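First comes the structure, then the notes that go with it.
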Amino acid sequence: MSQHEDGAELSFMPMQVADLDSVLEIESISHIHPWTKGNFSDSLAAGHWAYCIRPASGSSGGQGNAKSSTQGTYLAPEALWAYCILYPAVDELHLLNITVSPKLRKLGLGARMMVAIEGVAIQQNMPRIILEVRPSNIPAVSLYQSLGYEEIGVRKDYYPANPETGKREDAIVMAKSIKLTA
């Protein structure tokens, strides 16, 4: 779990097949070419590390009957705030998908998730995190740069054609070395 400045905690729980409808709801409105249910199911079956991020129980800060006061809100424990899919390779962690619910963007959740992912890399003794990002996704590129990720390459025509332009988009490959304790 990760503590936020306002006291709200995040709960990183392993993604389950039962989570996929909620995941797909966010995925479908977040990406030009969203992952399909099959993509997520394949990742789970392949043993990728997939996490759903929700508010921790009781993170509303209220006393007593917090469940009824948060029911149906983004503070309800079942509310899906974000998710990520990680592929563990021998000596690096590959970030395959990280998505925050559109209604909760620009609140620092992406940065908090990336810090947690770095914690996973340290815990698993993986000295590097690698990811691909669309050059047109300026907020994501800026976030990764602010967290110390550096461009290490470009994958030409990596993303499927944009339906509006009919053109494929390259991917910027970014990486960050993680300091592991000896």
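Points worth noting:
- The accessible-area ordering, largest first, of the residues Tyr159, Tyr87, Tyr149 stands as Tyr87, Tyr159, Tyr149, per a 1.4 angstrom probe.
- FRET E, pair Arg128, Ile29, Förster distance 41 Å, beta-carbon r, rounded to 0.05: 0.85
- Residues in the range 10-43 reached by a label modelled at Ala111 [backbone nitrogen below 18 Å; 7 Å Cα→Cβ]: 10
- Computed over protein heavy atoms with a 1.4 angstrom probe, the accessible surface ordering of Asp19, Asp42, Asp157, largest first, is Asp42, Asp157, Asp19.
- Hypothetical label at Asp170: residues of the range 109-142 whose amide nitrogen lies under 19 Å (7 Å Cα-Cβ projection): 131-142
- Packing-based ranking, highest mean first, of 121-128, 108-115 given that Cβ atoms within 10 Å are counted: 108-115, 121-128
- Cross-link partners for Lys167 among the aspartates and glutamates, with Cα-Cα distance under 19 Å and sequence neighbours closer than 8 places in the same chain left out: Glu132, Asp157.
- Under 29 Å from Lys179, Cα to Cα: lysines that are on another chain or at least 8 residues apart: Lys106
- Other residues lying with their Cβ under 9 Å from the Cβ of Pro139 contribute a combined charge of +2, Lys and Arg counting +1, Asp and Glu -1.
- For the range 78-138, GluC sites (Glu not before Pro) are listed when DSSP marks them as loop and at most 15 other Cβ atoms sit within 10 Å of their Cβ; the list is Glu78.
The values are calculated or read from the model by the stated rules, or taken from the named source; none is laboratory data. Being a predicted model, the structure only gives us computed values, none of them experimental. Quick reminder, even Gly has a Cβ in these numbers, built from the backbone with ideal geometry, and neighbours come from all protein chains shown. We work out accessible area using only protein heavy atoms, side chains counted, and drop any ligands, DNA or RNA first. Shrake-Rupley method; radii C 1.70, N 1.55, O 1.52, S 1.80 Å.
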